[in-house]
């Protein structure tokens with residue numbers, strides 16, 4: 001199921017491009033300024049989200065990853081970073 005979602009997400013930009021090419025007015029020579037602005041804002045939001053996501057859960061320098069553990073009473077201790 002995950003592979004289908006990956007393939008669809010990979011083909012989404014192509015589908016949007018083909019829809020834009022099919023539906024745009026014939027007299028237009030390029031993308032409208034609104035479309036360019038929307039794409040620029042979307043790209044900026046995506047880059048900002050990637051930076052935030054990369055720094056939010058990052059372990060500090062000198063920390064080693066300790067995997068999640070299951071205690072005998074059934075509680076789960078999530079994975080985390082510990083100083084070496």
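Computed values, structure above
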{"item": "Three-way shape call for segment 1-55 based on the alpha-carbon gyration tensor, with the a/c threshold at 1.5", "result": "oblate"}
{"item": "Gap separating the Cα centres of segment 1-34 and segment 66-84, nearest whole Å", "result": "44"}
{"item": "On Cα atoms only, tilt of 2-23 relative to the major axis of the chain in degrees", "result": "20"}
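Values quoted throughout were computed directly from the atomic coordinates according to the rules given, and no laboratory measurement underlies them. Keep in mind that this is a model prediction, so the values were computed, not measured.
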